[in-house]
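The values are calculated or read from the model by the stated rules, or taken from the named source; none is laboratory data. As the structure is a prediction and not an experimental result, all values here were calculated from the model. Cβ: placed from backbone, ideal geometry, glycine included. Neighbour counts: every protein chain shown.
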Amino acid sequence: MQQYDIVIVGAGMAGASLACALAGNGLRIALLDNRAPQMDPEPLKATEFDARVSAITPASQAILERMSVWPSIRAQRISPYTGMEVWEADGTAGINFTAEEVHAPLLGHIIENRVIVQALQQRIAALDDVDLLAPVQFEGFHYIPQSDCERSLQVRIKDAEAINAKLLVAADGGRSQLRRLAGFRTREWDYAHQAVVTTVRTEKPHGQVARQRFSDEGVLAFLPLQTTAEIGAENYCSIVWSLRPERAEAVQALSDEAFARALEQAFESRLGRIEHCSPRLSFPLHQVHARDYVKDRVVLIGDAAHSIHPLAGQGANLGLLDAHVLAAEIIAARRKGRCWYEGRVLRAYQRRRKGHNLAMMAAMEGFRRLYDDQPLPLRWLRNTGMRAVDGAPMIKQYIMREAMALEHLD
């Protein structure tokens with residue numbers, strides 16, 4: 001029977017990042033996933049993009065650099081953005097953020113999820129102390145009774161021999177099977193919205209600016225993409241359109257031409273005509289937060305611990321920070337000669353991450369509720385507040401620094 005120190009269920013961004021962060025520290029790690037690995041991807045086509053993207057902050061970039069993954073991501077395709085525009089559809093108010101205001105070269109990068117996962121898994125293939133077992137089907141686990149610090153877990157895999165571990169990490173997404181089997185309690189609610197996502201080509205270049213328009217029916221985001229081609233390099237955007245289910249279904253049923261015209265109208269033609277739309281995807285929006293991240297040698301990270309509204313594209317960044325902090329706590333405990341998988345060590349990770357995750361989730365929920373259908377007096381107050389923030393450099397700088405998340409690295 002294979003013996004590992006840590007078994008991570010889920011080889012997406014959070015799970016693969018944790019494996020990379022822990023590598024080279026005397027631990028033997030297994031990474032399980034039910035999908036085939038993406039080690040040898042086909043070359044990216046200049047104008048074809050993954051529909052799912054993430055707004056990677058400078059803090060997340062620093063984490064990926066420490067793992068020696070960033071050069072591979074950069075070699076494939078990244079799209080820097082230096083500004084952000086937020087405005088309300090029915091009002092006259094808006095906020096503009098620029099990297100110059102915080103004396104930074106940029107606010108972050110829009111990167112396709114597949115690019116990040118491929119780079120992480122390619123890095124894992126070069127590591128001697130990490131085994132990527134995929135595709136396999138995780139079936140469950142049970143505890144092997146031993147002395148307190150030596151107690152281990154046995155992990156069951158369909159049609160394969162079980163493996164043993166001292167620590168089990170759930171990185172298997174918002175509907176985590178491992179979280180459910182381990183008995184973690186969660187707080188969950190349905191946003192009663194669906195996200196419609198696709199890639200579009202616009203008449204006008206985006207100028208490396210991310211844009212979000214708020215209306216009573218939902219949030220519409222245009223996130224800048226950059227092709228590898230010289231012509232039209234800044235005329236592609238990834239869109240995320242949050243709509244009520246009946247409206248999302250109606251939008252999905254439109255022809256490409258009719259969808260483009262509806263999107264133009266909803267976006268107030270800020271980037272001119274929508275010249276092309278890629279195939280559209282739609283998925284329901286839920287929020288989930290585990291009451292605890294640690295329980296009986298099982299730890300939650302990423303969406304398994306917290307899934308967040310895609311309002312500000314922060315989900316991937318929170319997961320990367322989870323992986324970074326958990327790895328740091330484990331490595332520090334090992335260097336001090338402590339039992340690195342005991343409750344005190346793992347709860348230190350929970351203390352460092354839970355507050356930040358809750359604060360981000362609360363901020364996104366509050367901001368979303370602020371733009372629900374509201375009576376006219378509240379809309380006036382909302383617009384007044386937005387104009388006030390836009391005219392207050394100190395407040396804007398605080399918001400941008402918090403979004404860039406650099407203070408949460410150490």
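Structure values in brief
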read-out	value
Only one of Gly174, Gly207 that is among the small types (Gly, Ala, Ser), in contact with a Ser or Thr (Cβ under 9 Å, 6 or more places away or on another chain) and closer than 30 Å to Ala30 by Cα	Gly174
Subset of the range 296-347 (residues that are among the charged types (D, E, K, R), more than 30 Å from Phe222 (Cα to Cα) and touching a Phe, Trp or Tyr at 6+ places or on another chain (Cβ under 9 Å))	Asp296, Arg297, Glu329, Arg334, Arg347
Those residues of the range 293-308 which are outside any helix (DSSP H, G or I) and out of contact with any His (no Cβ under 9 Å at 6 or more places or on another chain), in sequence order	Val294, Lys295, Asp296, Arg297, Val298, Val299, Ile301
Per-region count, the range 222-249, residues touching a Pro at 6+ places or on another chain (Cβ under 8 Å), more than 16 Å from Glu48 (Cα to Cα) and crowded, with 21+ Cβ neighbours inside 10 Å	2
Conditions (1) modelled with pLDDT of 95 or more; (2) of a type in the set (D, E, K, R); (3) more than 21 Å from the chain's Cα centre (by Cα); (4) surrounded by fewer than 16 Cβ atoms within 10 Å (Cβ to Cβ): number failed by Glu42	(1)
Members of the range 324-359 that are of a type in the set (D, E, K, R) and either buried (at least 18 other Cβ atoms within 10 Å of the Cβ) or assigned to a helix (DSSP H, G or I) (or both)	Glu329, Arg334, Arg335, Arg344, Arg347, Arg351, Arg352, Arg353, Lys354
Selection status of Glu161, of a type outside the set (Val, Ile, Thr) and assigned to a helix (DSSP H, G or I)	no
Close pairs from the range 158-173: first on the phi > 0 side of the Ramachandran plot, partner of a type in the set (D, E, K, R), Cβ under 8 Å, at least 6 apart	Gly173/Asp303
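Yes/no per residue for (1) under 22 Å from Gly315 (Cα atoms); (2) assigned to a loop (DSSP other than H, G, I, E, B):
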residue: Ile73; (1), (2): yes, no
residue: Pro80; (1), (2): yes, no
residue: Met84; (1), (2): yes, no
residue: Asn96; (1), (2): no, no
residue: Glu100; (1), (2): no, no
residue: Pro105; (1), (2): no, yes
residue: Ile111; (1), (2): yes, no
